[in-house]
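Working notes for the structure below.
The values are calculated or read from the model by the stated rules, or taken from the named source; none is laboratory data. The structure displayed is predicted, hence computed values, not measured ones. FYI the Cβ positions are ideal-geometry reconstructions off the backbone, even for glycines, and counts take in every protein chain you see.
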Amino acid sequence: MIEELLDAVLVDIGGTIVAENPPSTPVDSLVPQLLANVASDLVALSRSVRLGAATNTAVMTESDVRRLLALVDIDRFFEVVVTSHDVGAAKPDPAVLLVAKNRLGIVDPSRILYVGDLMTDCEAALAAGMEFAPITAAGLLISVENWARQKLGANQ
């Protein structure tokens with residue numbers, strides 16, 4: 001069902017797939033904590049769509065984020081990881097999402113779903129021409145499946 005509608009799912013990181021750390025936490029002290037069902041959801045989604053991450057961070061580069069995701073063994077799922085620090089613009093500016101789209105080589109942004117936890121995530125996705133789904137307490141896969149059911153229902 002999902003692969004009929006999408007080529008890729010991009011996710012925000014903090015508050016979407018890992019618990020947020022206090023803003024003043026030094027990068028060397030960050031310890032990622034996966035939110036509910038993230039690892040199994042990424043396994044399931046990776047069977048049908050390409051995956052990437054696009055996140056706001058004032059100080060972390062792609063390699064910093066990948067290192068943290070490796071600590072919880074999920075970096076391998078993300079074909080691309082783009083940070084606002086690397087791009088020089090923070091969401092709601094769509095630049096971080098557009099760079100991720102280009103790195104994936106996807107031409108049609110409407111074939112990408114961005115999943116996030118904040119209004120700025122939604123604003124960035126819409127500005128980039130992408131679809132958006134808010135993360136739910138049930139996890140990433142349920143959020144994507146809920147979006148797909150709603151999309152398919154609206155097209156009938």
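A few points about this structure:
- Residues (exposed (fewer than 11 other Cβ atoms within 10 Å of the Cβ) and either under 19 Å from Asp108 (Cα atoms) or basic (Lys, Arg) (or both)) located in region 4-34: Glu4
- Restricted to region 108-156, and to residues there that are among the β-branched types (Val, Ile, Thr) and touching a strand residue (DSSP E or B) at 6+ places or on another chain (Cβ under 9 Å), the residue that is surrounded by the fewest Cβ atoms within 10 Å (Cβ to Cβ) is Ile142.
Results for (1) within 13 Å of Ala8 (Cβ to Cβ); (2) modelled with pLDDT under 95; (3) part of a helix (DSSP H, G or I); (4) not aliphatic (A, V, I, L, M), shown as yes or no for each residue.
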site: Pro92; (1), (2), (3), (4): no, no, no, yes
site: Val96; (1), (2), (3), (4): no, no, yes, no
site: Val115; (1), (2), (3), (4): yes, no, no, no
site: Cys122; (1), (2), (3), (4): no, no, yes, yes
site: Leu126; (1), (2), (3), (4): no, no, yes, no
site: Leu152; (1), (2), (3), (4): no, yes, yes, no
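- Residue count for region 67-98, restricted to those that are closer than 23 Å to Arg47 by Cα and either in contact (Cβ under 8 Å) with a residue 24 or more places away in the chain or among the β-branched types (Val, Ile, Thr) (or both): 12
- Selection within region 62-76 - within 19 Å of Gly88 (Cβ to Cβ) and loosely packed, with under 15 Cβ neighbours inside 10 Å: Ser63
- Any hit, region 37-46, residues being on the phi < 0 side of the Ramachandran plot, surrounded by fewer than 11 Cβ atoms within 10 Å (Cβ to Cβ) and free of Cβ contacts under 8 Å to residues at least 60 places away in the same chain: no
- Conditions (1) crowded, with 18+ Cβ neighbours inside 10 Å; (2) assigned to a helix (DSSP H, G or I); number of the one not met by Ala54: (2)
- The residue that is farthest from the chain's Cα centre (by Cα), counting only those in region 69-86 that are more than 14 Å from Asp12 (Cβ to Cβ) and in a helix (DSSP H, G or I), is Leu71.
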